[in-house]
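The values are calculated or read from the model by the stated rules, or taken from the named source; none is laboratory data. Fair warning: this is a prediction, and the values are worked out from it, not measured in the lab. Don't worry about glycine lacking a Cβ; one is built from the backbone with ideal geometry, like all the others, and counts go over all protein chains shown.
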Amino acid sequence: MIESKAPPKHRKEPEPLSGRRAARILTGLALAAVLAGCADTPPSVSRPAADVPQSSGALSLKAKREQQRAILKIRDQTLDQLFKLKPSARAEFDRATGYGVFEINGLNAVLAETHGRGVVLDKNNRAAYMQLARTDVGPGAEVKPYRQVLLFGDPETLGRFMVSGSPADTSSDPGVTVYRLDIKGASIQADWGVRYFRDPDLN
């Protein structure tokens with residue numbers, strides 16, 4: 001008789017990071033940044049990110065859960081593939097503060113406003129469902145489908161990312177390792193021109 005093994009950590013059902021909780025985290029990060037600066041320097045006024053999608057309100061709870069499960073299935077498949085192709089990535093994954101997995105759909109790269117979706121999780125298994133858009137795609141451009149794994153080494157960077165996403169410079173952050181998986185295999189590769197933001201319908 002074969003004993004069943006416990007599922008890997010990344011396959012636990014995550015707890016969605018709600019908008020209210022995200023707002024509290026963002027407030028805490030902003031307060032920490034202000035306190036870390038000079039006392040006589042007035043804090044800068046934060047501005048809302050432009051072009052952030054708004055919730056359509058059209059998704060039922062059932063549809064929301066189904067889409068979340070589909071994203072988590074892609075997460076499991078992608079991590080399994082990464083660890084198979086790059087066994088050394090397993091140790092880096094275990095050391096990371098958190099991670100993200102995204103699927104980029106090349107078929108919609110030119111016509112759609114968003115070009116992929118995924119999920120980012122912290123060590124407490126809290127999830128932020130995200131969308132992805134390429135800012136370097138123009139008319140006639142061809143983007144082939146691929147998957148992406150982000151490994152975060154810094155908890156503050158992870159916290160900001162989960163709360164408000166990121167502009168198109170994540171690849172330049174030394175605290176984030178970007179793995180790209182496609183038909184050629186898996187490699188550590190900068191992915192310039194990619195912007196991330198919270199999915200307004202799935203969080």
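Below are the figures for this structure:
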quantity	calculated
Positions within segment 165-191 being modelled with pLDDT under 90 and polar (S, T, N, Q), in sequence order	SER166, THR170, SER171, SER172, GLN189
Residues within segment 154-203 that are in a strand (DSSP E or B) and closer than 17 Å to THR135 by Cα, tallied	6
From LEU59, LEU82, residue being modelled with pLDDT of 95 or more and surrounded by 12 or more Cβ atoms within 10 Å (Cβ to Cβ)	LEU82
Segment 135-147, residues that are at negative phi and either surrounded by fewer than 22 Cβ atoms within 10 Å (Cβ to Cβ) or at pLDDT below 80 (or both)	THR135, ASP136, VAL137, GLY138, PRO139, ALA141, GLU142, VAL143, LYS144, PRO145, TYR146
